[in-house]
Amino acid sequence: RGRLRPQEPQISAEERAQKEKEKAYRTAYVWSLPRTTTSEELVEFFKTFELNVVNTTLICDRNSGKFTGIGYAEFETQEMHDKAISVSGQLFRGRFPIRLKPSEAEKNFAADTKPAEVAAAAGVTRVYVSQMHEKMSEDDLKELFQSGTRSPHVSHPHQYAGLPP
């Protein structure tokens, strides 16, 4: 007979997204690992630097199933993650220089954000958009770049080319 698992409390989509974002910012991309590395060895390596790893993911080749030498390590806190990045170059197993960098999750989160929010966060005041579909109108651009209650000023490129908008 199967065991019943305790039911996890229901959380909203926003809370789930926030938790995923926090997890991603605590995760480091790890490479230059020997092909025989195990998750346990990786956890023990980081413990020598007083870094607590919550989870590891070792990437395997989809055809052969063999470990590729790259993976991810999720740390307990953002501070531990930042300290772990400074461990890059230290010798793993005493002879393999391990490499680490942030997981670059912010790129994925930026892709889920409206262009106006990304531009506002970066302090952008003017954006040039090229290779638009010929049927895209000024109203379409305004809708795309609308941010809160501020309506952007849009200059349609056809105005400059002497073509009808």
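The values are calculated or read from the model by the stated rules, or taken from the named source; none is laboratory data. Everything numeric here is computed off the predicted structure, so don't read it as measured data. FYI the Cβ positions are ideal-geometry reconstructions off the backbone, even for glycines, and counts take in every protein chain you see. Heavy atoms of the whole protein, side chains included, go into the accessibility calculation; ligands, DNA and RNA do not. Shrake-Rupley method; radii C 1.70, N 1.55, O 1.52, S 1.80 Å.
Restricting to region 59-72, and then to whatever is within 17 Å of the chain's Cα centre (by Cα) and open to solvent by 40 Å² or more (accessible area, probe 1.4 Å), can you tell me which residue is farthest from Thr37 (Cα to Cα)? Before the answer, list the steps.
First, pick out the residues of region 59-72 that are within 17 Å of the chain's Cα centre (by Cα): 59, 70-72.
Filter once more, keeping what is open to solvent by 40 Å² or more (accessible area, probe 1.4 Å): 59, 70, 72.
Working: Ile59: 11, Ile70: 10, Tyr72: 13 Å.
Selected residue: Tyr72.
Among the numbered criteria (1) over 17 Å from the mean Cα position of the chain (by Cα); (2) surrounded by 14 or more Cβ atoms within 10 Å (Cβ to Cβ); (3) of a type in the set (A, V, I, L, M, F, W, C), which single criterion is violated by Phe75?
Exception for Phe75: condition (1).
Which pairs turn up if I take residues in region 70-86 that are under 16 Å from Glu104 (Cβ atoms) and look for partners that are at pLDDT 95 or above and open to solvent by 80 Å² or more (accessible area, probe 1.4 Å) with beta carbon separation below 8 Å, at least 6 apart in sequence or on another chain?
Pairs found: Glu74/Val54; Phe75/Val54.
Among residues belonging to region 17-36 that are in a helix (DSSP H, G or I) and closer than 20 Å to Asp82 by Cα, point out the one that is least open to solvent (accessible area, probe 1.4 Å).
Going through the qualifying residues, I end up with Ala24.
Go through the residues of region 37-56 one by one and say whether even a single one is over 12 Å from His81 (Cβ atoms), part of a helix (DSSP H, G or I) and either modelled with pLDDT under 95 or among the small types (Gly, Ala, Ser) (or both).
Taking every residue of region 37-56 in turn, at least one turns out to be over 12 Å from His81 (Cβ atoms), part of a helix (DSSP H, G or I) and either modelled with pLDDT under 95 or among the small types (Gly, Ala, Ser) (or both).
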